[in-house]
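Working notes for the structure below.
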Amino acid sequence: LGNYKSTNQDIDFGIQKIEEVALRAISPSINDPNTAMLGVRNMAVIMSEINDYCTGTKYFYDQQQNLRLILDERNYEDMLYSSFYKILNFSRNQISVFSAILEAIVIMTEKRDRKSKNILIEFSHYVIGGFNLEILHGKDKYFLNLKLSKIAEHLNMDPKQLLLS
């Protein structure tokens, strides 16, 4: 608890700052996809680490078992969506950023547990559905499908469920 938000006290705040940098980087006035890609990768590392800590509501009791504090944490699915949806929305036509988001999912699926498997499968479908696939050429699809194959492998699913045609 404190007077000001900080990344030490509020993980959402840190993710939000990285997201803001990535969003500014993909804005037409700046157009710096490398910075956006780095931000997406950094967010993925954070999201893969915090998965174990997103447990929902926590109750804290004193020594006499009197309820003293209720901490209503966001769940992993909400944090995952809120961390990436703006970047996905503003980069629907930027293959490099789309590729970085898929790479982010690869990072997150490497360290996943059973409880997050379905969340990551659903999020993968959301990301694929949110990109303008009509702009992709054959080589683009080939390299993106390599990442999608890794995601499918990490999630123990049939790659055909994710691959781009």
Practice prompt. Apply the Karplus parameterisation 6.51 cos²θ - 1.76 cosθ + 1.60, with θ equal to phi minus 60°, to every residue of the range 96-104 and state each ³J(HN,Hα) to the nearest whole Hz, in sequence, with x for glycine and proline.
Written response: 4, 6, 4, 4, 5, 5, 5, 4, 4
Worksheet item: Quick one: if you stick a label point 7 Å off each Cα along the C-beta vector at VAL45 and THR57, how many nm between them?
Response: 3.6
Worksheet entry | Positive-end residue of LEU146, TYR81, VAL127, charge dipole of the chain with Cβ unit charges | LEU146
Worksheet entry | Rounded tilt (10° steps) of 76-90 against the dominant C-alpha axis of the chain | 40
Worksheet entry | Signed unit charges on C-beta, dipole axis of the chain, positive-most listed residue ALA36, ILE70, MET157 | MET157
Worksheet item: On a 0 to 90 degree scale, rounded to 10, what angle separates helix 114-129 from the longest Cα axis of the chain?
Response: 40
Worksheet item: What list of ³J(HN,Hα) values in whole Hz, one per residue of the range 144-150 in order, does the Karplus curve 6.51 cos²θ - 1.76 cosθ + 1.60 (θ = phi - 60°) give from phi, with Gly and Pro shown as x?
Response: 5, 5, 4, 5, 5, 5, 5
Response to the item:
In degrees rounded to 10, the 0-90 angle between helix 11-25 Cα long axis and the longest Cα principal axis of the chain is 30
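Do you know the relative contact order of the chain, to the nearest whole percent, from alpha carbon pairs under 8 angstrom that are 6+ apart? All intermediate terms of the calculation are to be shown ahead of the outcome.
Details: 178 pairs, mean separation 32.1, N = 165.
The value is 19 percent.
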Worksheet, complete the sentence: ASP140 and PHE13 label points (each 7 Å along its Cα→Cβ direction) are spaced in nm at 3.9
Discussion item. What distance in nm lies between label points placed 7 Å from Cα along the C-beta direction at ASN89 and ILE30?
Written reply: 1.8
Worksheet item: Count the lysine pairs in the chain that are 8 or more places apart or on different chains: how many have C-alpha atoms under 20 angstrom apart?
Response: 16
Worksheet item: Round to a whole number: what % of the accessible area of the chain belongs to carbon and sulfur, probe 1.4 Å?
Response: 51
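The values are calculated or read from the model by the stated rules, or taken from the named source; none is laboratory data. Computed from a predicted model, the values in this text were never measured in an experiment. Virtual Cβ from ideal backbone geometry, glycine too; neighbours counted across all protein chains shown. Accessible surface areas use protein heavy atoms only, side chains included; no ligands, DNA or RNA. Shrake-Rupley method; radii C 1.70, N 1.55, O 1.52, S 1.80 Å.
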